[in-house]
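Chemist: Next up is a structure, given as structure tokens.
The values are calculated or read from the model by the stated rules, or taken from the named source; none is laboratory data. All values reported here derive from a predicted model rather than from experimental measurement. Here the Cβ is made from the backbone with ideal geometry for all residues, glycine too, and neighbour counts use every protein chain on show. Only protein heavy atoms, including side chains, enter the accessible area calculation; ligands, DNA and RNA are left aside. Shrake-Rupley method; radii C 1.70, N 1.55, O 1.52, S 1.80 Å.
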Amino acid sequence: MIPRLRFLFTAWLFHLRQLATLKLYIFDSVVLPVILATIAVRLVGARGDDGGTITTVALGAAVMGMWAATLSGAGGAISRMRSMGLLEPVVAAPTPLATALAGNALASSTLGVYSVTATLLWARYGLGLPITVRSPLMLVVATLATIAATAALGLLLSVSLVMYPRAQSVSNIFEYPLWILTGALVPLSLLPGWIGVASWAIAPAWGVKAIQASVTGAATDFGVATALCVVITCAYWALSTALLRSVERLARERATLPLS
Amino acid sequence: MSDNDIEVENLVRVYGRGAGARRAVDDISFEVRHGEFFGILGPNGAGKTTTIKVLLTTLLPTAGRVSILGHDVVRDVQRVRRRIGYVLGGDKGFYDRLTARQNMIYFCDLYEVPHRVQRTRIPQLLELTGLTARAGDKVETFSRGMKQRLHIARSLVHDPRVLILDEPTSGIDPIGAREVRDLAAGLIRLGKTVLLTTHYMQEADALCDRLVVLAKGRIVASGAPRDVKQLAGISRVTELELTGVEQRRLDALRDIEGVTSVHVDVSGIQQIVRVQSAADVDCTAAIVRALESEKVERIATREPTLEDAYVALISSQDGKA
Ligand SMILES: Nc1ncnc2c1ncn2[C@@H]1O[C@H](COP(=O)(O)OP(=O)(O)OP(=O)(O)O)[C@@H](O)[C@H]1O
Ligand SMILES: [Mg+2]
């Protein structure tokens, strides 16, 4: 257990360092959210809304940045691992493949936290908006839960990436619908009912609700959203690990999985 | 337990199914003794990497039994993975934006090597592979030869008893290749058992105690390098360029005394004929006589290459089949 956690940490740290050297990736997770936040806040600001709405919108933009980081990160992480020739060595090692991939997915969503923080700071100090967070502690908890949820969803996506090298385009297609499903871009109440239903199964959507609740200080909403986020995240982890095990088995049997 | 570190019995590996199925490894058996330097020699597509991947547990055998240090590669996957080290050729397999030392840490943690052990082992392995001076540099700045030595260093992080090297010198310049070969030879002195694949005859000759020659998924020769060369039984090659000679007359070349094999490549109306013969007989005159009145565009005799050895081994195998 301890050695496995240590490897998880190493995989997280080293992947983060490797990612930090990739220019396109940095644009996605650092520059893009700030641009999105500026546009979103300007749109809402023009309507002369109160500080609470502005904060929610800024947060929505921040979370979109997190999505971009995670989806291009989790998707890219596997194909990068494959193209770096690291996928096969990790499969051939005693540590489960899921642990290495989890480290990578967490690294991507960690860069996402940066994007949340940067966006809020930019909205507050760059755009001079009245950002108000009722409960900073809840915000921290909700953000951590969202990181785990996003990483878990990334891991689940990565299973399909191991199976189908072309699934990268699938993850790119996912990026935009997920912004909508999480209610990050548009409040869910404005969308058709079925989209709201679909968003129930998306762990990070609950994470976003928890983040929004921490802004307004609604403790009950926060509790429910956080709990659901954690439960669904655990389900993702369990499902991913099980799937990865059978994917690995298939790869060894049929050799259809291009490990190298 | 026997003193064999690796045992391969009737290994078969088929890729694909139905009509498209292809036997990459077709019923091979061999064993590698403890402390031995063993080679698998074979041309492209012979099935070397396929065999290696079965040993590494990243491919399942279609049939047959393979065990390493007594552990079955299908049933005891985790035990096998903990006990073998391997190097798959190529300049990938690292976090290239990170340093050599950082990559070593990654692989140590991947193999659950305790930190206390890492502190002494990482410098030792970097020293062994001659990378100490560059340990703090990013791997992307390394030459292919250096990357290959780093591969060897990282394959040793968990101190495995068995080491598997797949074409460790391919794509590396002669000096780099010699360094890798020296390093591989040194592993035996550290008490390791080494299994190496290569398509360089000289490499196998210089390094291996014993070897098997693999062609089209089958073992066509085995034994000490000396035995294999004798088995190939060639030392002189005569090449001819002809046009429109009847097969019957070409077949007649096989009957010339000292000729071990005749191989014909046809391109258009041109025929390129490669005649292999024993060292002590000069067949040129006899060949010219046999082809009397035919149009011989070119005739030349040269020292045999590895390819010639394969041709001899494979065509003699075809003869038997
Ligand atoms: N994943 C795969 N799917 C289908 N066929 C494969 C696969 N991998 C290898 N083969 C085929 O199996 C045969 C043996 O390949 P293998 O890679 O084992 O040869 P090799 O001896 O390592 O050759 P090389 O010297 O080129 O590395 C080849 O004909 C190859 O095309
Ligand atoms: Mg190969």
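Chemist: Measuring from the lowest to the highest alpha carbon on each principal axis, how far does the range B:139-293 reach, largest first, in angstroms?
Modeler: Result for the range B:139-293: principal-axis Cα extents of 67, 34, 27 Å.
Chemist: For B:A63 and B:R249, calculate 0.36 nm times their separation in residues minus their Cα-Cα distance, and state this gained length in nm to one decimal.
Modeler: In short, 62.6 nm is gained.
Chemist: If I model a spin label at B:R33 and A:L250 as a point 7 Å from the Cα along the Cα→Cβ vector, what separation in nanometres do I get?
Modeler: Modelled inter-label distance: 4.5 nm.
Chemist: Please arrange A:R80, A:R252 by accessible surface area, largest first, computed with a 1.4 Å probe and ligands excluded.
Modeler: Highest to lowest solvent-accessible surface, that is A:R80, A:R252.
Chemist: While we're here: Find how much the distance from B:E257 to B:R75 grows on full extension, using 0.36 nm per residue of separation minus their present alpha carbon separation; answer in nm with one decimal.
Modeler: In short, 60.2 nm is gained.
Chemist: Moving on to the next point. Pop out the ³J(HN,Hα) list for the range B:71-76 in order, Karplus 6.51 cos²θ - 1.76 cosθ + 1.60 with θ = phi - 60°, rounded to Hz; leave Gly and Pro as x.
Modeler: 9, 6, 6, 9, 8, 10
Chemist: Moving to a separate point now. Tally Lys/Arg at +1 and Asp/Glu at -1 over every other residue whose Cβ is under 9 Å from the Cβ of B:L59; what's the total?
Modeler: Summing Lys and Arg as +1 and Asp and Glu as -1 gives +2.
Chemist: Magnitude of the Cβ-charge dipole of chain B, K/R +1 and D/E -1, about the Cα centre, nearest 20 debye?
Modeler: With Lys and Arg at +1 and Asp and Glu at -1, about 1440 debye.
Chemist: If r is the Cβ-Cβ distance from B:D265 to A:Y114 and R0 is 56 Å, what FRET efficiency results, to the nearest 0.05?
Modeler: About 0.35, to the nearest 0.05.
Chemist: Shifting gears a bit: Convert each backbone phi in the range A:211-225 into a coupling constant with the Karplus relation 6.51 cos²θ - 1.76 cosθ + 1.60 (shift: θ = phi - 60°), then list the ³J(HN,Hα) values in order as whole Hz, x for Gly and Pro.
Modeler: For the range A:211-225, the Karplus-derived couplings read 4, 5, 5, 5, 6, 8, x, 7, 5, 5, 3, 4, x, 4, 4 Hz, x marking Gly and Pro.
Chemist: Right, here's the next one. Would you kindly calculate the mean projected area, averaged across all directions, of the convex hull enclosing the Cα atoms of chain B, in square nanometres?
Modeler: About 19.8 nm², averaged over all directions.
Chemist: Determine the alpha carbon to alpha carbon distance for each of B:K147/B:K216; B:K138/B:K192; B:K48/B:K92; B:K53/B:K138; B:K53/B:K192 and list only those over 22 Å.
Modeler: B:K147/B:K216; B:K138/B:K192; B:K53/B:K138
Chemist: Compute the long axis of helix B:100-110 from its Cα atoms, compare it with the longest principal axis of the Cα atoms of chain B, and write down the angle in degrees, 0 to 90, nearest 10.
Modeler: In chain B, helix B:100-110 runs at an angle near 80 degrees to the longest axis.
Chemist: Using a 7 Å offset from the Cα along the Cα-to-Cβ direction at both B:R289 and A:I35, what is the distance between the two label points in nm, to one decimal?
Modeler: 8.4 nm
Chemist: Mind telling me which of B:V32, B:V220, B:V273 comes out most flexible in a GNM of chain B, alpha-carbon contacts under 10 Å?
Modeler: Highest fluctuation of the listed residues: B:V273.
Chemist: Taking 7 Å along the Cα-to-C-beta vector as the label spot, tell me the B:A133-A:A235 distance in nanometres, rounded to one decimal.
Modeler: 5.9 nm
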